[in-house]
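The values are calculated or read from the model by the stated rules, or taken from the named source; none is laboratory data. Not measured: the values here are computed from a predicted model. Quick reminder, even Gly has a Cβ in these numbers, built from the backbone with ideal geometry, and neighbours come from all protein chains shown. These accessible areas exclude ligands, DNA and RNA; they are computed on the full protein's heavy atoms, side chains included. Shrake-Rupley method; radii C 1.70, N 1.55, O 1.52, S 1.80 Å.
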Amino acid sequence: MLFPGNRRRSSMQVPIDIRSIDPKLYGMIKPASFETDGIDDATKPILHISVRYRCDNEELVIKLIQARNLEAGDGNPIANPYCSIELMPDYVIHRSKIHQGTHNPEFEETFRFPLLQEEIDDKTLRIKVFDSDQFARDECAGVMDLKLKEIDFELNSSSAIDMWRTVPPIATNTSSSDTSAKLARHIGDLMIAFSYLPSAEKLTITIQKARNLNLVDGKKCDVFVKVSLYRNGSRLKKKKTNTISATSMTSCSPVFDEALTFNISHHHLKSRDVKLMCQVMHDAKLGNKSMIGWLELSQASGSCEERQHWTELISGPVNTPVARWHPLRRNNDTSSSSDS
């Protein structure tokens, strides 16, 4: 553009007429995503993740981005959410950080799973939402399953696939007969904490407390906890807590708060052949001691929660206790619980 004096004026100095701008040319381009139906309801519990398969490393990369409107089965918002991320049917489980005081957490965490390309179609990504409770067993508030064969990784090989997914809450309004059956099967919970000090090869298990023990005839009795360390099916060591008398117990919920230590190498600790057996025992003064319930902590445990706790022990910070509630199993449940 020429002005008087034949001087060329910079285009930055030319006034812009905003009426000449076509807003359609400047619209945001939405990235490719893979969404389920029904996300239009802004009140539903939803989870924002991205998924990518890296052929060069043969690994599945999951980014847990955020969640909205998380709620428990009774419809109330959950207070301290975290997620477990599992690639089924494997035993590998990751766990996100706990976010305090929100049902709209911003996770921004990445998790990696080794995965061969030919195994993709056989795997399912399962994400569970939990509400952390320091004084009770963490309750699962919802589950999201994603079959990997539904995703075209070849089409999106160079970038992550972004998606929002609903997280259906787990219903708690069961019938009275179902509730009675559940209460009959439930025999209580045990809170324990793990820590491991590699330099001393010392495993510490703290028996903190039990809750709602289903005792004989519903009466309180003297109880203690026996902990046994096994390797290759043979018991290496057993220890037990002090006995908590019935008179000092509140509502069949004894408090032990005792630390028991075992010597074991870090190499053996990571082996699937090592396990800890915890047994809550009735200390009968005038007869044989009887077992109230038990649990097994190992990489090969039949319980997802028990396996996850063991994984946190191995992969967590050095000598940092990891505490969890665990439901007790009955003596006739399937496992090798019959040690003396």
### Message
Among (1) open to solvent by less than 70 Å² (accessible area, probe 1.4 Å); (2) modelled with pLDDT of 90 or more; (3) under 28 Å from A193 (Cα atoms), there is one condition F130 misses while meeting the rest; what is its number?
### Response
(2)
### Message
Please go through region 219-246 and give me each residue that is open to solvent by 30 Å² or more (accessible area, probe 1.4 Å), over 25 Å from L313 (Cβ atoms) and in contact (Cβ under 8 Å) with a residue 60 or more places away in the chain, ordered by number.
### Response
D222
### Query
If we keep just the residues of region 258-277 that are under 25 Å from F224 (Cα atoms) and of a type in the set (S, T, N, Q), which is least open to solvent (accessible area, probe 1.4 Å)?
T261
#### Entry: Considering residues of region 233-242 that are of a type in the set (S, T, N, Q) and outside any strand (DSSP E or B) only, the residue nearest to P198 (Cα to Cα)
T241
### Query
Any idea which of (1) modelled with pLDDT under 90; (2) outside any loop (DSSP other than H, G, I, E, B) is the one G75 doesn't satisfy?
(2)
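Listed here are the residues, each with its yes/no results for (1) assigned to a loop (DSSP other than H, G, I, E, B); (2) at pLDDT 65 or above; (3) open to solvent by less than 60 Å² (accessible area, probe 1.4 Å).
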| position | (1), (2), (3) |
| --- | --- |
| L47 | no, yes, yes |
| N57 | yes, yes, no |
| K63 | no, yes, no |
| E86 | no, yes, yes |
### Query
Would you pick out the residues in region 247-257 that are at negative phi, open to solvent by 20 Å² or more (accessible area, probe 1.4 Å) and modelled with pLDDT of 85 or more?
V255
### Task
Could you list all residues from region 241-275 that are under 15 Å from Q208 (Cβ atoms) and not hydroxyl-bearing (S, T, Y)?
N242, I244, M249, P254, V255, F256, D257, E258, A259, L260
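Yes or no, residue by residue, for (1) at pLDDT 90 or above; (2) over 17 Å from L190 (Cβ atoms); (3) acidic (D, E):
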position	(1), (2), (3)
S245	no, yes, no
A259	yes, no, no
E296	yes, no, yes
H309	no, no, no
N331	no, no, no
